Amino acid sequence: MKTLTIGTRTSQLALWQTNYVSQLLQNVWPELACQQAPFVTQGDKTLDKPLPQIGGKGLFTAELEESLREGRIDLAVHSLKDLPVENAPGLTVGAIIGRADVRDALVAKNGWTLDTLPAAAVVGTSSLRRQAQLLRARPDLQVRSIRGNVETRIRKALHEEYDATILAAAGVTRLELSSHVTQWLPLA
């Protein structure tokens, strides 16, 4: 029996996605065994600075790419949005799983929605797209960078220095955290 070693990051969402890909592969090849090789990447370690200041998306993939090239893992599962635009030399994006919910999810204190957030409310996002959409809809909001995994961002929005955060609906749903969502936002 062939065992496939799959590299992944250590966040709950990354592990969920890796389990999902493993199941898809085993549905086609039932005799295939899959094992995970979790990695903590430089992007996971550096949480106190916005991504553009520390090197961007490649910070989440370098360790996985190196392990692929060295043959320590057979493949890597990663969120497409976090891959650098340019292909890594010698590596190929071999498959992309079906798209999940494309909406964004607002998680806010006090059950606030985008319309009911108080003036000058602090909303956390690290996405330039989400920042632009927020400020177009609500120029009075303060948009600040927020780092961390899905669970960390939700905690920061509900209990710390932010009033709200905007996350990908797909990740929130996959981790069964939809009960924290105060508004589902269409992709604008």
* Structure fact -> Of the conditions (1) touching a helix residue (DSSP H, G or I) at 6+ places or on another chain (Cβ under 8 Å); (2) within 30 Å of Val21 (Cα to Cα); (3) crowded, with 18+ Cβ neighbours inside 10 Å, the single one that Ala164 does not satisfy is (2)
* Asked: Take the residues of the range 130-157 that are surrounded by 17 or more Cβ atoms within 10 Å (Cβ to Cβ) and either in the same structural domain as Thr10 (by TED's automatic domain parsing) or of a type in the set (A, V, I, L, M) (or both): which is nearest to the chain's Cα centre (by Cα)?
  -> Val150
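Does the range 91-106 include one or more residues that are within 29 Å of Leu64 (Cβ to Cβ), polar (S, T, N, Q) and touching a strand residue (DSSP E or B) at 6+ places or on another chain (Cβ under 7 Å)? Steps first, answer last, please.
First, the residues of the range 91-106 that are within 29 Å of Leu64 (Cβ to Cβ): 91-105.
Filter again for polar (S, T, N, Q), leaving 92.
Those left that are additionally touching a strand residue (DSSP E or B) at 6+ places or on another chain (Cβ under 7 Å): none.
No, every residue in the range 91-106 fails to be within 29 Å of Leu64 (Cβ to Cβ), polar (S, T, N, Q) and touching a strand residue (DSSP E or B) at 6+ places or on another chain (Cβ under 7 Å).
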* Within the range 67-113, restricting attention to residues that are in contact (Cβ under 8 Å) with a residue 40 or more places away in the chain and of a type in the set (S, T, N, Q), which residue is surrounded by the fewest Cβ atoms within 10 Å (Cβ to Cβ)? -> Thr113
* **Positions within the range 64-94 being modelled with pLDDT of 85 or more, in contact with a helix residue (DSSP H, G or I) (Cβ under 8 Å, 6 or more places away or on another chain) and small (Gly, Ala, Ser), in sequence order** => Ala76, Ser79, Gly90
* Structure fact -> Looking across the range 8-39 at residues that are in a helix (DSSP H, G or I) and among the β-branched types (Val, Ile, Thr), the single one that is farthest from Ile96 (Cα to Cα) is Val28
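Does Ser22 qualify as being touching a Phe, Trp or Tyr at 6+ places or on another chain (Cβ under 8 Å) and over 29 Å from Arg155 (Cα atoms)?
Taking the combined requirement at face value, the residue does not satisfy it.
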* Asked: Got a number for residues in the range 58-77 being assigned to a loop (DSSP other than H, G, I, E, B) and of a type outside the set (Lys, Arg)?
  -> 6
* **Filter pass, Ala121 being buried (at least 18 other Cβ atoms within 10 Å of the Cβ), over 14 Å from Arg103 (Cα atoms) and of a type in the set (Gly, Ala, Ser)** => yes
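The values are calculated or read from the model by the stated rules, or taken from the named source; none is laboratory data. Treat the numbers as computed from the prediction; the structure is a model and nothing was measured. Here Cβ is always computed from backbone atoms with ideal geometry, including for glycine, and neighbour counts include all displayed protein chains.
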